[in-house]
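The values are calculated or read from the model by the stated rules, or taken from the named source; none is laboratory data. Since the model is a prediction, treat every value here as computed from it, not as a measurement. Here the Cβ positions follow ideal geometry from the backbone for every residue, glycine too, while neighbour counts run over all protein chains shown. Calculation scope for accessible area: heavy atoms of the full protein, side chains included, ligands and nucleic acids excluded. Shrake-Rupley method; radii C 1.70, N 1.55, O 1.52, S 1.80 Å.
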Amino acid sequence: MSTVESKRSGMLMGTVVAGLAGAAIALLTAPKTGRELRSDLKDRFQTLQSKGADLVDSCKTKAAETIQIVKEHSSTIADKAQDMSGKLADQAQNAADKAKDMTERAADKAHELTSKASDKAHEMANKAESSANDAVDRASSNVNRMAEQAARS
């Protein structure tokens, strides 16, 4: 129930109560016979009873309308929440798929770089071995030449 409706209901209730109090005071202070007073009281009581029943019916109607509105809104909210959870699940799955793809690409790149590094290391090792063999051959030639020169002298 909104604030405006609450204020209206309070105002209506205040009006009814004030009317009852005024009617009771008027009846009790008016110069009438007992029979007339009882008849007036009975009429006023029936009028008030009827107004009270109308007020109760009005409250029931408002409550039923409010319940219907709440049901509609809660259904709408539940649908929206379900849609959002579905969207969030899709986004999470997409993020997981992207992360998996990126991880696989990174692993492939790392493997590629490792293979290149390994190939380069083998190439460098072969060059170093070749250079070492060349150096040994030159040293051996130099030693043989020096030995020949020493033998001649």
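Summary table
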| read-out | value |
| --- | --- |
| Separation of the K80 and A21 label points, Cα + 7 Å toward Cβ, nm | 4.5 |
| Solvent-accessible area per residue, Å², over segment 34-153 with all protein chains present [probe radius 1.4 Å] | 86 |
| Percent of Cα pairs exceeding the 18 Å cut-off, where the set is segment 99-153 | 63 |
| Extension gain, A95 back to H73 (0.36 nm per residue minus Cα-Cα distance, nm) | 4.7 nm |
| Estimated dipole of segment 1-121 in Debye, rounded to 20 [Cβ of Lys and Arg +1, of Asp and Glu -1, Cα centre] | 700 |
| Protein accessible area in the chain, 1.4 Å probe - carbon and sulfur % | 59 |
| Reachable aspartates and glutamates from K98, criterion Cα separation under 17 angstrom, eight or more residues apart if same chain | D90, D108 |
| Inter-centroid distance (Cα atoms) of segment 76-153 relative to segment 49-64, Å | 85 |
| Mean residue ellipticity (222 nm) of the chain, computed from DSSP H runs ≥ 4 via -39,500 (n - 2.57), nearest 500 | -36500 deg cm²/dmol |
| Estimated vicinal HN-Hα couplings, Hz - segment 92-103 in sequence order (Karplus 6.51, -1.76, 1.60; Gly, Pro = x) | 5, 5, 4, 5, 5, 4, 4, 4, 5, 4, 5, 5 |
| Full-stretch length increase - C59, L41 - with 0.36 nm per residue and alpha-carbon distance subtracted | 3.9 nm |
| Residue pairs, from the table K80/K100; K62/K87; K51/K71, whose Cα atoms sit over 32 Å apart | K62/K87 |
| Local net charge near A110, Cβ-Cβ under 12 Å (Lys/Arg +1, Asp/Glu -1) | 0 |
